[in-house]
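The values are calculated or read from the model by the stated rules, or taken from the named source; none is laboratory data. It should be emphasised that the depicted structure is a prediction, and the values quoted were computed from it without experimental measurement. Methodologically, a virtual Cβ is constructed for each residue, glycine included, from the backbone with ideal geometry; neighbour enumeration extends over all protein chains shown. In case anyone asks, the SASA skips ligands and DNA or RNA and just uses the protein heavy atoms, side chains included. Shrake-Rupley method; radii C 1.70, N 1.55, O 1.52, S 1.80 Å.
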Amino acid sequence: MSTTSPLAVILGVGPLIGLSVARRFAREGFRTVLVGLDGAFLEVQARQLPDSAALVCDLGEAGAVAHLFQRIHQDHGEVRVLVYNASAGARCAASALEPEQLGRDLRVNALAPLEAVRAALPSMRRAGQGTILFTGGGLALKPQAELASGSMGKAALRQLALCLAEELKPEGIHVATVTVAGFVQKDAAFNPDLIAESYWQLHEEPQERWRSEVVLKP
């Protein structure tokens, strides 16, 4: 992989939003690192993108994010764009939710994104610029009783994004959440390629017009 073009790291790459975002940034000349759980899938997708690499990482494991970014910095250099697209949470009402399960889900939904930001920030601060984007969900705005863990996780992620946006804007680092209030499907209103365009538009915004949240509704 070349080190002359800017680097975008996408965490939580699957066949929908994560992949579409990687393709969108690659189309603009970014090198991309695709991070997810399915190594075979990631390798196939990385081979189809210029200057792309695939890394397998379970973001729910303690210490995994730190190890991941050590490898990224060593093999690929400074991070210009960080996209966090991973999430966790099974269908379960709050009263039936085991605390241990909530803890595991919150590690993916809130702790791992914070760890990723902390790992990427030194590169961005040295450059005096950077973009950090999170995939939010409608559950952060309108929680559902039977999706208690996911509702709490998306709410925590949204608040993390908004707090970081306020903190880091003076340093030239743009932080925002793309809150997708619907089910992502190809050939539907929430087409992942259309959603990915919102990520690119946020990255391209001039600082005086930076938004900290884009809400995509039906």
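Counting only Cβ charges, +1 for Lys and Arg and -1 for Asp and Glu, the dipole size of segment 7-48 around its Cα centre is about 180 debye.
Under conditions of 37 °C and 0.692 mPa s, the chain yields 190 µm² s⁻¹ as its translational diffusion coefficient, taking Rh as the Kirkwood radius over Cα pairs in the Stokes-Einstein equation.
At 20 °C and 1.002 mPa s, grab the translational diffusion coefficient of segment 1-126 from Stokes-Einstein with a Kirkwood Rh over Cα pairs, rounded to a whole number in µm² per second. Stokes-Einstein gives a translational diffusion coefficient of 143 µm²/s. Please state, rounded to one decimal and in Å, the Kirkwood hydrodynamic radius that segment 90-218 gives when every pair of distinct Cα atoms enters the mean of 1/r. Averaging 1/r across every pair of different Cα atoms and inverting gives 15.6 Å.
Largest GNM mean-square fluctuation among ASP105, ASP75, ASP38, using the chain with Cα springs under 10 Å: ASP75. When +1 charges are put on Lys and Arg Cβ atoms and -1 charges on Asp and Glu Cβ atoms, the dipole computed for the chain relative to its Cα centre reaches about 220 debye. In degrees, nearest 10, range 0 to 90: what is the angle between the Cα axis of helix 148-168 and the longest Cα principal axis of the chain? With both axes taken from Cα atoms, the answer is about 40 degrees.
Using 19 Å as the Cα-Cα cut-off, could you pick out the over-long pairs in LYS154/LYS186; LYS142/LYS186; LYS142/LYS217?
Values: LYS154/LYS186 22 Å; LYS142/LYS186 24 Å; LYS142/LYS217 12 Å.
Pairs exceeding 19 Å: LYS154/LYS186; LYS142/LYS186.
Projecting the Cα atoms of GLN144, LEU160, TRP200 onto the dipole axis of segment 142-218, where Lys and Arg carry +1 and Asp and Glu carry -1 at the beta carbon, places GLN144 farthest toward the positive end.
Ratio of alpha-carbon Rg to the 2.2 N^0.38 Å globular estimate for segment 1-74, to two decimals, please. Numbers along the way, then the final one.
Working: Rg = 11.6 Å, N = 74, 2.2 N^0.38 = 11.3 Å.
For segment 1-74, the normalised Cα radius of gyration is 1.02.
Of interest is the spacing of the C-alpha centroids, which for segment 1-51 and segment 172-198 amounts to 16 Å.
Give, as a single signed number, the net charge of other residues whose beta carbon lies under 14 Å from the beta carbon of LYS169, with Lys and Arg counted +1 and Asp and Glu -1.
Numbers: positive: ARG125, ARG209, ARG211; negative: GLU166, GLU167, GLU171, GLU205, GLU208, GLU213.
Combined, the nearby Lys, Arg, Asp and Glu give -3.
The distance between label points at ARG104 and ALA64 comes to 1.1 nm (points 7 Å beyond Cα on the Cα→Cβ vector).
Taking the longest Cα principal axis of the chain as reference, the axis of helix 64-76 is set at about 20 degrees.
Of the GluC sites (Glu not before Pro) in segment 1-101, which ones lie in a loop per DSSP and count no more than 15 other C-beta atoms within 10 Å? Listed in order of number, the matching sites are GLU28, GLU61.
Packing, as the average of other Cβ atoms within 10 Å across residues, places the peptides 118-125, 148-155 in the order 148-155, 118-125, highest first. For segment 140-190, the per residue solvent-accessible surface stands at 50 Å², with DNA, RNA and ligands left out and a 1.4 Å probe. For segment 195-210, 3J(HN,Hα) computed residue by residue from phi via the Karplus equation (6.51, -1.76, 1.60; θ = phi - 60°) reads 4, 4, 4, 5, 5, 5, 5, 4, 4, 7, 4, x, 4, 5, 10, 4 Hz, glycine and proline entered as x.
Using only alpha carbons, build the gyration tensor for segment 109-177 and give me the equivalent ellipsoid semi-axes, biggest first, whole Å.
Working: eigenvalues 138, 25, 10 Å².
Semi-axis lengths for segment 109-177 are 26, 11, 7 Å.
For the listed peptides 21-27, 46-52, 167-173, a ranking on the average number of other beta carbons within 10 Å per residue, highest first, reads 21-27, 46-52, 167-173.
Given 0.36 nm per residue, what is the gain on full extension from LEU162 to GLU204 after removing their alpha carbon distance, in nm? Walk me through the intermediate numbers first.
Details: separation 42, 0.36 × 42 = 15.12 nm, distance 1.85 nm.
Full-extension gain reported as 13.3 nm.
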